[in-house]
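Here's the structure we're looking at; comments come further down.
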Amino acid sequence: MPYLFPLGPAQLQALPSGALFWADQSLLVVSDLHFGKSDRLARRGGALLPPYETRATLMKLDRDLTTTGARRVICLGDSFDDLTAAGEMAEDDSLWLTRLMAGRDWTWIEGNHDAGPVSVGGTHLAVLRVAGLTFRHIASPEPHEISGHYHPKARLPGRTAPCFLMDAARVIMPAYGAYTGGLSCDDPDLQALMQPRALAVLTGATCLARPMR
Amino acid sequence: MHLPPALTTWFDAQGWTLHPHQLAMLDRAHDPATLLIAPTGGGKTLAGFLPSLTELAGGYQGLHTLYISPLKALTADIRRNLRRPVEGAGLPIRIEDRTGDTSYTQRRRQRADPPHILLTTPESLALLLTYPDAAKTFAGLQRVIIDEIHALAESKRGDQLMLQLARLETLSPNLRRIGLSATVEDPPALARFLSSKAQVLLADPGPDPDIQMLVPDVPPPWAGGGGKYAIPAILEQVKAHRITLIFHNTRAQAEIFFHNLWLANEDALPIGIHHGSLSREQRERVEAAMVAGQLRAVVCTGSLDLGLDWGDVDLVIQVGAPKNIKRLVQRIGRANHRYNAPSKALLVPANRFEVVECQAALEAVMAHTLDGEPRGTGPRDVLCQHILASACAGPFDGNALYAEVITAGPYATLTRRDFDACLDFVATGGYALRAYDRWQRLMIREGKWTLRDPRAAAVIRQNLGTIIDIETLKVALKGRGAPLGEIEESFAATLTPGDTFLMGGEVVRFSGLRDLTVEVTRDPGRAPKVAVFNGTKFATSTELSDRILRILQQPNWPELPSHTAQWLTHQREVSRLPHPDRLLVESFPHDGREHLCIYGFAGRNAQQTLGLLVTKEMEALGLDPLGFVATDYATLIWGLEPLQDTALFNKARLQDGLETWLAGNAVMKRTFRNTATIAGLIERNNQGRRTTGRQATFSSDILYDTLRRFDPDHLLLAITREEALRGLVDFGRIEALLDRVGPRIDLLRLPKITPLAAPLMLEPGVVPIQGKGRERLASDAARQLLRDAGLA
């Protein structure tokens, strides 16, 4: 079950998968996909992780696009684990991504991992504004803003999961990619960004909201 | 071989006479491999070194003898003990130790200019062998001595060590092996583990121990552990002896007992505590106080099972059933560390059932039967690590490495195919999708396997070893920083500020987490919230379980305390007593619920697995099971409907359930994490930065799920399955049980709860049957939190 909430002028849905859907704009937002993470680790001589995370993430994205029927997609940065990963995506993964992008208005926001133009189609921007909301990778003081970057995580009895953090001014999105660690929402950096009555909405089988603090 | 005269003179001056088994070691000095089994205090370490001292007495160039011990602390102790005769007799022998605590400069020097005798651990040896100059360091090696070899053989450290010995023998083909041990259940099997050429040398076992059950005036409680009821009786024993060691099976129990002991210690007897979760400083303080004779007793755990000589210990008390006869014998040996003097020991059952188990253990010790599962074949995750480590030392030939590996006992039956699968995993990750052809870790250059990126060697070295620590966090007093000890990270995660727990016998209050340190303040007034740090949960061994079943079949029990004999008699009157060749299953209503009690006597892990499998079947039958609890002896299940027949106790049917249940179970994920860490998929350390346990747990679960989804036949999943089945899942014992009882399963319908089942009601560790329940729990909690915060 999605979690419905307002941000400024918009009515938004936090989806259990970790994506955000804005029905009025037919807009799906995902953050921190980190495509090609296992590849980058291998390249640097680290462990050879199971090279399936790009596929797992694409599968999830495919499902969300089908269910919501979104016409417009914003990837909020760190979509690729680095620029080499963007250039060297496996052929079938790259075809799959192209198929998802076909016919959709697709924006790649720059992140700290993938600053600079990437070699896939779509629009590349540092910041995007849509109907009163601002989209960027790392949160700024600007109100009515949706960002990613921190990979927030929260606990409830029986579950620790990536979560959305939200208050009247902003949403910080969970990481959508398969191999992404997380930062506890108790972390001082996150605490400083969010207002006192902020909520953490946990992803999983259903969305569960709890007070962030 | 004869002792050098200088050494004989020195022994004479000390008034020492060599024991027959020590002399026998000299006679066998030229044998390729000897396993010496001698009792604690029998001078077996010196016996192991005599051939080396003799050969070295005339001078030698380079490393001659490698001594390997499972404990770091032991190497320093042995070095001190060995230097006495060497220096006393003026022999030209240099002795040094090398462990994780040895300084960088010293370790570097040791590689270039090794001592004659190097004392080390399997982990430090593994590291030494990864350096390109290993061939030079070990070229002249003559002997290797493995102390407490049974302890190493019990875990993967032993498999790793045997692979290393195979390597050493390649580097120095004349190498002779000596294994030393005090407690061995199957000497020929341990000898085969040491070497295919090993002979066993049995020393005189010495007198039988003086061992009894401590029966206080108050009967033990019906369930639970800890032995609090026996504290007054134990204090009396402490007063009557010089130094008493009080062993517990888990660290948490030791902490609680120690706390309660001090509350009752009116004479303020000096008593300390020692266990693996305490900080090194704290442990060393206790050790020093003990050697100096300042303590009258030490409450301890397995951390004092092995090794060091602890001064004048004259009594060992084991609190709680020992679960394993071998460990009990080892602990008893800690008392009277002198040859030919009987050790004195007392067993304190912690609950009513343990009275029977303690009796069984007592009889086993007197009958000289030990227990132990036969070793499985060498685990493949250890082999993967060994292959990776070999690549660090330099390019290797696949055929030659395979030929070397199968000379190691545990890997003697390894097929080339399995070896190649491990090699492929190390080189490319072994994925069905050949993703890492470009980034593979090992590649063939000039016909030999080589690290693609030589810089990777540093990280590989940091991640060597087969001991997987449960991730812990340091505990320190707020503002003062001196560490008190460690707690499990998962326990720390459940703490909220203000919570209290026991650490080093005092109650402390959690104030917060800072830089991966748990900050606490002292809070003596409060009742502690129990600390659940990593006390290993042992399962009662098969040998001990069999003996318990045989005791239960006696017509009466004159040797047991009357409260326990009456309890068993009552059970026989209202129901039956479990029989070795039958499976007793009781069904009865109690407290508005249906109950089912399965007396499998298969050990805690197997009984737990049985509970999971049976409740799954019951769920399918619509019997609505609600939860269960498992002990070493039985599984008690409660639910809404009674079981009508025993058809579900069928091996094939349970096995089916195992297939589906196992895959998604937390036990599997934990096992996968260990396997993946040993095999080198998950790095514990990366250039000095330790990945925190939470991160590691998180990512290994995801890796497990990803592999299961996209690559279900992957090597690591196969290894994980194999490990779980013989480890935490322990399905082997369920199979053995069902094979033994065949169709002889007695389902008794009884009007009410039985005497034997009643204590199970009080056992902690209830497993609720999961389903939609967990989701509901989380969503109820979320709603409550929102309401409390005024947000809903």
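Out of region B:439-457, which residues are closer than 21 Å to A:Ser38 by Cβ and either more than 8 Å from every other protein chain (Cβ to nearest Cβ) or assigned to a strand (DSSP E or B) (or both)?
Initially, region B:439-457 is screened for residues closer than 21 Å to A:Ser38 by Cβ, giving B:439-443, B:451-453, B:455-456.
Of everything in region B:439-457, those that are closer than 21 Å to A:Ser38 by Cβ and either more than 8 Å from every other protein chain (Cβ to nearest Cβ) or assigned to a strand (DSSP E or B) (or both) turn out to be B:Leu442, B:Met443, B:Leu451.
Picking from B:Leu583, B:Leu626, B:Leu568, which residue would you name as being closer than 30 Å to B:Val215 by Cα and out of contact with any Cys (no Cβ under 6 Å at 6 or more places or on another chain)? Steps first, answer last, please.
Working: B:Leu583 fails: closer than 30 Å to B:Val215 by Cα; B:Leu626 fails: closer than 30 Å to B:Val215 by Cα.
Only one candidate qualifies: B:Leu568.
Report, ordered by the first and then the second residue, all pairs with beta carbons closer than 7 Å, sequence separation of six or more or different chains, a first member in region B:401-412 that is buried (at least 20 other Cβ atoms within 10 Å of the Cβ), and a second member that is not in a helix (DSSP H, G or I) and not small (Gly, Ala, Ser).
From residues that are buried (at least 20 other Cβ atoms within 10 Å of the Cβ), the pairs are B:Val405/B:Leu414; B:Pro410/B:Arg375; B:Pro410/B:Thr377.
Name, by its number, the condition in (1) surrounded by fewer than 24 Cβ atoms within 10 Å (Cβ to Cβ); (2) at pLDDT 95 or above; (3) of a type in the set (Val, Ile, Thr) that does not hold for A:Thr123.
(2)
Return yes when A:Leu199 is out of contact with any Gly (no Cβ under 9 Å at 6 or more places or on another chain), within 12 Å of another protein chain (Cβ to nearest Cβ) and at pLDDT 90 or above and no when it is not. Lay out the reasoning, then the answer.
On the way: out of contact with any Gly (no Cβ under 9 Å at 6 or more places or on another chain): yes; within 12 Å of another protein chain (Cβ to nearest Cβ): yes; at pLDDT 90 or above: yes.
Against the criterion (out of contact with any Gly (no Cβ under 9 Å at 6 or more places or on another chain), within 12 Å of another protein chain (Cβ to nearest Cβ) and at pLDDT 90 or above), A:Leu199 qualifies.
Tell me, yes or no, whether region B:312-319 has at least one residue that is surrounded by 17 or more Cβ atoms within 10 Å (Cβ to Cβ), on the phi < 0 side of the Ramachandran plot and not in a strand (DSSP E or B).
Checked region B:312-319: no residue is surrounded by 17 or more Cβ atoms within 10 Å (Cβ to Cβ), on the phi < 0 side of the Ramachandran plot and not in a strand (DSSP E or B).
If I ask for residues that are without any contact (Cβ under 8 Å) to a residue 40 or more places away in the chain and among the acidic types (Asp, Glu), which ones from region B:615-646 would you list? Write out each step before concluding.
Step one: of region B:615-646, the residues without any contact (Cβ under 8 Å) to a residue 40 or more places away in the chain are B:618, B:620-624, B:635, B:644.
Passing the criteria: only B:Asp624.
What's the number of the condition B:Asp31 fails, among (1) at pLDDT 90 or above; (2) charged (D, E, K, R); (3) not in a loop (DSSP other than H, G, I, E, B)?
Against the list (1) at pLDDT 90 or above; (2) charged (D, E, K, R); (3) not in a loop (DSSP other than H, G, I, E, B), B:Asp31 comes up short only on (3).
Just the residues that are of a type in the set (A, V, I, L, M, F, W, C) and either assigned to a helix (DSSP H, G or I) or under 10 Å from A:Gly122 (Cα atoms) (or both), please, taken from region A:86-108.
The initial filter retains those residues of region A:86-108 that are of a type in the set (A, V, I, L, M, F, W, C), namely A:86, A:89-90, A:95-97, A:100-102, A:106, A:108.
The answer is A:Ala86, A:Leu95, A:Trp96, A:Leu97, A:Leu100, A:Met101, A:Ala102, A:Trp106, A:Trp108.
Every residue in region B:394-431 that is β-branched (Val, Ile, Thr), closer than 24 Å to B:Pro374 by Cα and either within 14 Å of chain A (Cβ to nearest Cβ) or touching a Phe, Trp or Tyr at 6+ places or on another chain (Cβ under 9 Å) (or both), please.
Start the filter on region B:394-431 by keeping residues that are β-branched (Val, Ile, Thr), which leaves B:405-407, B:413, B:415, B:426, B:428.
Next, from what is left, pick out any that are closer than 24 Å to B:Pro374 by Cα: B:405-407, B:413, B:415.
Within region B:394-431, B:Val405, B:Ile406 meet the criteria.
Mind checking whether some residue in region A:147-161 is within 18 Å of the chain's Cα centre (by Cα), within 14 Å of another protein chain (Cβ to nearest Cβ) and at positive phi?
yes
Just a yes or no: is a residue in region B:362-372 more than 21 Å from the chain's Cα centre (by Cα) and crowded, with 22+ Cβ neighbours inside 10 Å?
yes
I'm told B:Lys156 meets every condition in (1) over 30 Å from B:Lys323 (Cβ atoms); (2) buried (at least 22 other Cβ atoms within 10 Å of the Cβ); (3) basic (Lys, Arg) except one. Can you identify the failing condition by its number?
Going through (1) over 30 Å from B:Lys323 (Cβ atoms); (2) buried (at least 22 other Cβ atoms within 10 Å of the Cβ); (3) basic (Lys, Arg) one by one, B:Lys156 breaks only (1).
B:Arg434 is checked against (1) within 14 Å of another protein chain (Cβ to nearest Cβ); (2) at pLDDT 90 or above and fails just one. What number does that condition carry?
Going through (1) within 14 Å of another protein chain (Cβ to nearest Cβ); (2) at pLDDT 90 or above one by one, B:Arg434 breaks only (2).
Could you pull out the residue among B:Asn324, B:Asn260, B:Asn265 that is more than 23 Å from B:Val508 (Cα to Cα) and surrounded by fewer than 24 Cβ atoms within 10 Å (Cβ to Cβ)?
Numbers: B:Asn260 fails: more than 23 Å from B:Val508 (Cα to Cα); B:Asn265 fails: more than 23 Å from B:Val508 (Cα to Cα).
Matching residue, one of B:Asn324, B:Asn260, B:Asn265: B:Asn324.
May I ask you to say which residue of B:Pro764, B:Pro755, B:Pro759, B:Pro751 is modelled with pLDDT under 90 and in a loop (DSSP other than H, G, I, E, B)? Let's see the steps before the verdict.
Numbers: B:Pro755 fails: modelled with pLDDT under 90; B:Pro759 fails: in a loop (DSSP other than H, G, I, E, B); B:Pro751 fails: modelled with pLDDT under 90.
Just one listed residue meets the conditions, B:Pro764.
Would you tally the residues in region B:576-630 being surrounded by fewer than 19 Cβ atoms within 10 Å (Cβ to Cβ) and small (Gly, Ala, Ser)?
Matching residues across region B:576-630 total 5.
Do the conditions hold for A:Ala178, that is, is it under 17 Å from the mean Cα position of the chain (by Cα), within 12 Å of another protein chain (Cβ to nearest Cβ) and under 19 Å from A:Gln11 (Cα atoms)? I'd like the intermediate steps shown before the answer.
Numbers: under 17 Å from the mean Cα position of the chain (by Cα): yes; within 12 Å of another protein chain (Cβ to nearest Cβ): yes; under 19 Å from A:Gln11 (Cα atoms): no.
Answer is no for this residue.
So which residues in region B:176-203 are part of a loop (DSSP other than H, G, I, E, B), surrounded by fewer than 20 Cβ atoms within 10 Å (Cβ to Cβ) and either not assigned by TED's automatic domain parsing to the domain that holds B:Gly158 or not acidic (Asp, Glu) (or both), if there are any at all?
So the first thing to find is which residues in region B:176-203 are part of a loop (DSSP other than H, G, I, E, B), and the list is B:182-186, B:195-198, B:203.
Remaining after also requiring surrounded by fewer than 20 Cβ atoms within 10 Å (Cβ to Cβ): B:185-186, B:196-197.
If the condition is that a residue be part of a loop (DSSP other than H, G, I, E, B), surrounded by fewer than 20 Cβ atoms within 10 Å (Cβ to Cβ) and either not assigned by TED's automatic domain parsing to the domain that holds B:Gly158 or not acidic (Asp, Glu) (or both), then B:Ser196, B:Lys197 are the ones that fit.
Output the residues belonging to region B:712-743 that are more than 14 Å from chain A (Cβ to nearest Cβ), within 22 Å of the chain's Cα centre (by Cα) and in a helix (DSSP H, G or I).
Of the residues in region B:712-743, the ones more than 14 Å from chain A (Cβ to nearest Cβ) are B:718-719, B:721-743.
Pick out the ones that are also within 22 Å of the chain's Cα centre (by Cα) and you get B:719, B:721-734.
Matches in region B:712-743: B:Ile719, B:Arg721, B:Glu722, B:Glu723, B:Ala724, B:Leu725, B:Arg726, B:Phe731, B:Gly732, B:Arg733, B:Ile734.
So for region B:462-481 (the condition being in a loop (DSSP other than H, G, I, E, B) and within 10 Å of chain A (Cβ to nearest Cβ)), does at least one residue qualify?
The first filter runs over region B:462-481 and keeps only residues in a loop (DSSP other than H, G, I, E, B), leaving B:463-471, B:478-481.
Next, from what is left, pick out any that are within 10 Å of chain A (Cβ to nearest Cβ): B:463.
Yes, some residue in region B:462-481 is in a loop (DSSP other than H, G, I, E, B) and within 10 Å of chain A (Cβ to nearest Cβ).
Exactly one of (1) at pLDDT below 90; (2) more than 24 Å from B:Glu735 (Cα to Cα); (3) within 34 Å of the chain's Cα centre (by Cα); (4) not in a strand (DSSP E or B) is unmet by B:Ala565. Its number?
Answer for B:Ala565: the failing condition is (1).
Does B:Pro51 qualify as being assigned by TED's automatic domain parsing to the domain that holds B:Arg111 and in contact with a Gly (Cβ under 7 Å, 6 or more places away or on another chain)?
Against the criterion (assigned by TED's automatic domain parsing to the domain that holds B:Arg111 and in contact with a Gly (Cβ under 7 Å, 6 or more places away or on another chain)), B:Pro51 does not qualify.
Just to be sure before I move on: is B:Leu63 hydrophobic (A, V, I, L, M, F, W, C), part of a loop (DSSP other than H, G, I, E, B), at pLDDT 90 or above and closer than 19 Å to B:Leu168 by Cα in the structure I sent?
For B:Leu63, the condition - hydrophobic (A, V, I, L, M, F, W, C), part of a loop (DSSP other than H, G, I, E, B), at pLDDT 90 or above and closer than 19 Å to B:Leu168 by Cα - is met.
I need a count of the residues in region B:688-711 that are at pLDDT 90 or above and not in a helix (DSSP H, G or I).
So the answer is 1.
Assess whether B:Thr17 counts as being part of a helix (DSSP H, G or I), closer than 22 Å to B:Glu87 by Cβ and either assigned by TED's automatic domain parsing to the domain that holds B:Ile146 or more than 30 Å from the chain's Cα centre (by Cα) (or both).
Values: part of a helix (DSSP H, G or I): no; closer than 22 Å to B:Glu87 by Cβ: yes; either assigned by TED's automatic domain parsing to the domain that holds B:Ile146 or more than 30 Å from the chain's Cα centre (by Cα) (or both): yes.
Here the answer is no, as B:Thr17 does not meet what is asked.
Yes or no: region A:62-85 includes at least one residue that is in contact (Cβ under 8 Å) with a residue 12 or more places away in the chain, on the phi > 0 side of the Ramachandran plot, within 14 Å of chain B (Cβ to nearest Cβ) and in a loop (DSSP other than H, G, I, E, B).
Going residue by residue through region A:62-85, those that are in contact (Cβ under 8 Å) with a residue 12 or more places away in the chain are A:62-65, A:68-85.
Now restrict to residues that are on the phi > 0 side of the Ramachandran plot: A:69, A:77-78.
From the residues that got through so far, the ones that are within 14 Å of chain B (Cβ to nearest Cβ) too are none.
Among the residues of region A:62-85, not one is in contact (Cβ under 8 Å) with a residue 12 or more places away in the chain, on the phi > 0 side of the Ramachandran plot, within 14 Å of chain B (Cβ to nearest Cβ) and in a loop (DSSP other than H, G, I, E, B), which makes the answer no.
I'm checking my understanding of the structure. Among residues of region A:109-137 that are in contact (Cβ under 8 Å) with a residue 60 or more places away in the chain and assigned to a strand (DSSP E or B), which one is nearest to the other protein chains (Cβ to nearest Cβ)? Steps first, answer last, please.
Taking region A:109-137 and keeping what is in contact (Cβ under 8 Å) with a residue 60 or more places away in the chain, we get A:111, A:113, A:130-133, A:135-137.
Add one more test, that the residue is assigned to a strand (DSSP E or B), and what stays is A:130, A:133, A:135-136.
Details: A:Val130: 28, A:Leu133: 23, A:Phe135: 26, A:Arg136: 26 Å.
If we take residues in region A:109-137 being in contact (Cβ under 8 Å) with a residue 60 or more places away in the chain and assigned to a strand (DSSP E or B), then A:Leu133 is nearest to the other protein chains (Cβ to nearest Cβ).
Please count how many residues of region A:42-59 are more than 8 Å from chain B (Cβ to nearest Cβ) and surrounded by fewer than 18 Cβ atoms within 10 Å (Cβ to Cβ). Spell out how you get there, then give the answer.
So in region A:42-59, the residues more than 8 Å from chain B (Cβ to nearest Cβ) come out as A:44, A:54, A:57-59.
Adding the requirement that they be surrounded by fewer than 18 Cβ atoms within 10 Å (Cβ to Cβ) leaves A:44, A:59.
Going through region A:42-59 one residue at a time, the tally reaches 2.
The values are calculated or read from the model by the stated rules, or taken from the named source; none is laboratory data. For clarity, every value in this text was computed on a predicted model and none was experimentally measured. Please note: Cβ atoms are built from the backbone with ideal geometry, for glycine as well, and neighbour counts cover all protein chains shown.
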